[in-house]
1. So which of Ser58, Ser28, Ser52 ends up being surrounded by fewer than 20 Cβ atoms within 10 Å (Cβ to Cβ), closer than 23 Å to Ser144 by Cβ and free of Cβ contacts under 8 Å to residues at least 60 places away in the same chain?
2. Name every residue in the stretch 114-135 that is in a loop (DSSP other than H, G, I, E, B) and in contact (Cβ under 8 Å) with a residue 40 or more places away in the chain, in order of residue number.
3. What residue, of Ser124, Ser144, Ser201, is surrounded by fewer than 17 Cβ atoms within 10 Å (Cβ to Cβ), out of contact with any Phe, Trp or Tyr (no Cβ under 6 Å at 6 or more places or on another chain) and within 30 Å of Ser217 (Cβ to Cβ)?
4. Considering the stretch 232-252 alone, what residues qualify as being surrounded by fewer than 18 Cβ atoms within 10 Å (Cβ to Cβ), of a type in the set (S, T, N, Q) and assigned to a loop (DSSP other than H, G, I, E, B)?
5. Just wondering, is there one or more residues in the stretch 262-269 that are assigned by TED's automatic domain parsing to the domain that holds Asn311, farther than 22 Å from Leu189 by Cα, part of a helix (DSSP H, G or I) and not basic (Lys, Arg)?
6. Looking at (1) touching a residue at least 40 places away in the same chain (Cβ under 8 Å); (2) farther than 19 Å from Thr135 by Cα; (3) not in a helix (DSSP H, G or I), find the lone condition where Gly85 falls short.
7. So the check is Cβ under 8 Å with 6+ separation or different chains; which pairs have a first residue in the stretch 324-349 that's within 19 Å of Val282 (Cβ to Cβ) and a second one that's of a type in the set (A, V, I, L, M, F, W, C) and modelled with pLDDT under 60?
8. Would you check if Glu324 is modelled with pLDDT under 75 and of a type in the set (D, E, K, R)?
Amino acid sequence: MAKAITMVVILGFFGVAVSYLPRGGISSALATAALPLLALLLCLQMLHSFPSLLPRLSRHRYLTLGAQTLLTYLPFLAFGSAWLGMPGFLAASALLILRAPLSLIMVGAVMISVQVIHFLLGFSLAELAYSSVSTFLTCVVVYSLSKLSGLVTETHRSRAELAHLILIRERLRFARDLHDLLGYSLSSLTLQCELASRLISTHPERAQRELAEALESARGALADVRSVAEGLRTMSLDSEVASAGSILEAADIRAVVSMDVPEESLTDRSETVLAIVLREAVTNVLRHSRAKNCEIRIRASEGRVRLSVVNDGLVPRGFTLLGEERSDGGHHSGTGIGNLTVRVETLGGTLEAGPCDGGAYRLSAELPVVPRRSGEPRPERPAYVG
């Protein structure tokens with residue numbers, strides 16, 4: 001729309017320039033000969049005002065500017081005062097193509113040339129002043145509208161790119177939340193179902209209890225899926241600690257849990273991120289190791305809160321606790337650690353993961369302590385006893 005309006009305005013100014021022809025005292029034959037030159041000048045001006053019309057030709061804008069300069073001044077030899085409407089367009093093209101201060105110098109040269117031409121043609125001072133103002137206004141209007149049209153086009157392009165980036169970011173968030181929330185739930189569900197299948201013939205009561213817990217895990221996974229569509233829900237660190245202890249116990253892993261985080265010391269966002277880190281750490285223990293021992297420690301001191309999960313049973317090759325075959329040499333795969341790193345660093349924290357002494361594996365995250373605002377509700381804090 002802005003481009004169309006600018007084109008109409010430029011055509012209007014060219015119409016004014018054409019109106020100089022009858023007043024210039026030239027013959028009909030010369031006026032007719034001037035029309036192709038005016039059309040060529042109009043094409044050059046459109047090219048300079050809208051480079052996107054012919055992108056390949058716009059690369060040679062200095063040549064086209066030189067052609068416009070020749071078509072602006074040489075016809076004065078034949079048409080005289082009938083050509084006085086053209087210098088304003090040349091000044092506008094100079095501002096559009098050249099960089100300062102060269103563009104300003106050329107505009108000044110055009111304005112001086114207009115006065116010299118008027119003097120040579122014998123115009124009065126009043127006519128000279130009028131024509132100079134007209135040339136300057138033509139330059140300013142054509143340049144301003146051309147720039148405005150370009151800015152409007154760039155704004156629309158930027159909005160489209162921004163919408164695309166927002167869509168990509170939302171897709172990444174969805175994938176990250178889906179991985180972080182469901183990985184743990186599905187791993188625990190698999191473990192509980194496998195345990196129930198082994199116990200159903202020898203310990204039916206315990207198998208029934210495991211199936212009941214698996215049902216709760218499935219319901220939790222369903223709630224997690226629903227929460228992904230609306231954004232990550234608030235999670236309780238204490239609930240995740242209790243859940244981690246329970247699932248590790250079900251996998252016959254000796255869990256040592258130590259948590260010392262003062263009340264109201266973490267915001268919901270910080271607590272949620274730490275809960276997600278703990279989920280991923282426990283998921284890695286189940287999927288990528290044959291651990292017998294796992295230590296979970298959470299401490300707050302000196303303005304920082306640190307979560308550390310250390311387990312033994314690192315499995316370079318072979319089958320893990322969930323019966324998944326592992327053939328590479330690392331402890332984790334996929335995007336889990338990358339997702340956690342993004343979440344932790346967003347809150348100004350750090351995350352480290354890798355093998356440590358004695359064939360163990362450590363995943364630790366450290367966040368700055370940001371106290372909860374007064375009056376801000378706190379999630380339920382069920383305690384894990386183990």
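1. Working: Ser28 fails: closer than 23 Å to Ser144 by Cβ; Ser52 fails: free of Cβ contacts under 8 Å to residues at least 60 places away in the same chain.
Sole residue among the options that is surrounded by fewer than 20 Cβ atoms within 10 Å (Cβ to Cβ), closer than 23 Å to Ser144 by Cβ and free of Cβ contacts under 8 Å to residues at least 60 places away in the same chain: Ser58.
2. Keep residues of the stretch 114-135 that are in a loop (DSSP other than H, G, I, E, B), which gives 122-124.
The one that is in a loop (DSSP other than H, G, I, E, B) and in contact (Cβ under 8 Å) with a residue 40 or more places away in the chain: Phe123.
3. Numbers: Ser124 fails: within 30 Å of Ser217 (Cβ to Cβ); Ser144 fails: within 30 Å of Ser217 (Cβ to Cβ).
Result of the check over Ser124, Ser144, Ser201: Ser201.
4. Across the stretch 232-252, the qualifying residue is only Thr234.
5. Within the stretch 262-269 (the criterion being assigned by TED's automatic domain parsing to the domain that holds Asn311, farther than 22 Å from Leu189 by Cα, part of a helix (DSSP H, G or I) and not basic (Lys, Arg)), the answer is yes, since at least one residue qualifies.
6. For Gly85, the exception is condition (2).
7. Arg326/Phe319
8. Details: modelled with pLDDT under 75: yes; of a type in the set (D, E, K, R): yes.
Yes; evaluated as a whole, the condition is true for this residue.
The values are calculated or read from the model by the stated rules, or taken from the named source; none is laboratory data. What you see is a predicted model; the values in this text were computed from it and never measured. Using ideal geometry, Cβ is built from the backbone for each residue, glycine included, and neighbour counts are taken over all protein chains shown.
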